[in-house]
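Reading through the structure tokens given below for one structure.
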Amino acid sequence: MFFLHAPAVAQFDVWSPMPDRFRRPERSDWADANRGGVPVDSFLEGPVFDRQGNLYVTDIPWGRVFRVSPDREWSLVAEYDGEPNGMKFLDDGRILITDYKNGLMALDVASGRVTPYLARRNSESFKGVNDLVFDAQGNLYFTDQGQSGLHDPTGRVYRLRPDGQLDCLLHNVPSPNGVALSPDGKVLYLAVTRGNCVWRVPLMSDGSVSKVSQFFTSYGPSGPDGLAVDREGNLLVCNPGLGYVWLLNHRAEPLNIWRSSLGMSTTNLAFGGDDGRTLFCTESVSGTILTARAPHPGASLYSAIGAT
């Protein structure tokens, strides 16, 4: 891969590993299907911050959501019969979860109760939802990945409007995964894991999508996963298999590369810290949260009721 200017390369620091008391080195249905039957003690995903600076992460195989305080203290918020992946706040007290097993689920943070939010579409179950993002108007964009791939390019991207209308925007994606919006809300970036690339999805004023293109092409055994955007409109791409997070400009040229200091499974990330410039990345196989400093703060995130 040729770059006009070599990107700056740095290594992530270890911020906080999952405490041993929460690890479960046992077989699970999720690991049997997705990790070749190897016992997996955890698989972290879905990082998101609340207003108090607490970081929430999911643990897919064991149906758990954890809260990690700014002092790096872990606590179990919820455990239920599910496979939770991405998370975003619905409002100050509730988190919306993309759950591969159950569809969209809502978590009441105070009680730990998890309830269905949108389990099916027209009585048909989803393939297996993965990640999500809200826009400034309260529209929810989420991916329905399932086991799709180059052999079966039928993954979908949906928009759920505030009035409850559900629109299928794309239905031909070989493994749709992470999603992020440009700061002006006019472009949806879509990680296409098995295609080893990121798509650029223009959002038209009439609610449709048009001229969807391949924005960035990666390489290696596993493609892009979680995405984020900074305030300058640069795109950050988690790339498990390489153990990278890419920072791409508007031409998809890498400006920075952060390398994992542990395993290769850099699955998702969130901006945090006092100035919003610290990256918190889940390294899922080791069950660890990594950190690095970014050049710019993260773009604003939204909930169903406005900015978070």
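Structure notes:
- Applying Stokes-Einstein at 10 °C and 1.306 mPa s to the Kirkwood radius of the stretch 244-299, computed over alpha-carbon pairs, gives a translational diffusion coefficient of 135 µm² s⁻¹.
- Note: relative contact order over the stretch 116-173, using C-alpha pairs below 8 Å and six or more positions apart, is 25 percent.
- Annotation: lysines with alpha-carbon distance below 29 angstrom to K101 (same-chain offsets under eight excluded): K88, K127.
- Carbon plus sulfur fraction of accessible area for the chain, probe 1.4 Å, in percent: 47 percent
- Computed over the stretch 45-132, the quotient of the alpha carbon radius of gyration and 2.2 N^0.38 Å is 1.03.
- Cα gyration tensor shape for the stretch 193-308, rounded if a/c is under 1.5, else prolate or oblate: oblate
- Length-normalised contact order for the chain - Cα pairs under 8 Å, 6+ apart - percent: 16 percent
- Across N34, N177, N139, mean-square fluctuation computed from a Gaussian network of the chain (C-alpha pairs under 10 Å connected) peaks at N34.
- Gap separating the Cα centres of the stretch 94-168 and the stretch 189-264, nearest whole Å: 20 Å
- Per-pair calculated FRET efficiency, R0 = 41 Å: S125 and R293 via Cβ, rounded to 0.05: 0.50
- The chymotrypsin sites (Phe, Trp or Tyr not before Pro) found in the stretch 1-106 that occupy coil by DSSP, while having at most 12 further C-beta atoms within 10 Å, are F2, F3.
- A convex hull fitted to the Cα coordinates of the chain yields 125 cubic angstrom per residue.
- Sequence-separation-based contact order of the stretch 20-143, relative, with Cα cut under 8 Å and 6+ spacing, percent: 14 percent
- Where labels lie 7 Å past Cα in the beta-carbon direction, separation of R231 and D167 in nm: 3.0 nm
- All-pairs alpha carbon distance profile, the stretch 136-190, 10 Å steps from 0, percent: 25, 50, 22, 3
The values are calculated or read from the model by the stated rules, or taken from the named source; none is laboratory data. What you are looking at is a predicted structure, and each value in this text was computed from that prediction instead of being measured. Cβ atoms come from the backbone with ideal geometry, glycine included; neighbour counts cover every protein chain shown. The protein model used for the area step is the full one, side chains on, heavy atoms only, and it has no ligands, DNA or RNA in it. Shrake-Rupley method; radii C 1.70, N 1.55, O 1.52, S 1.80 Å.
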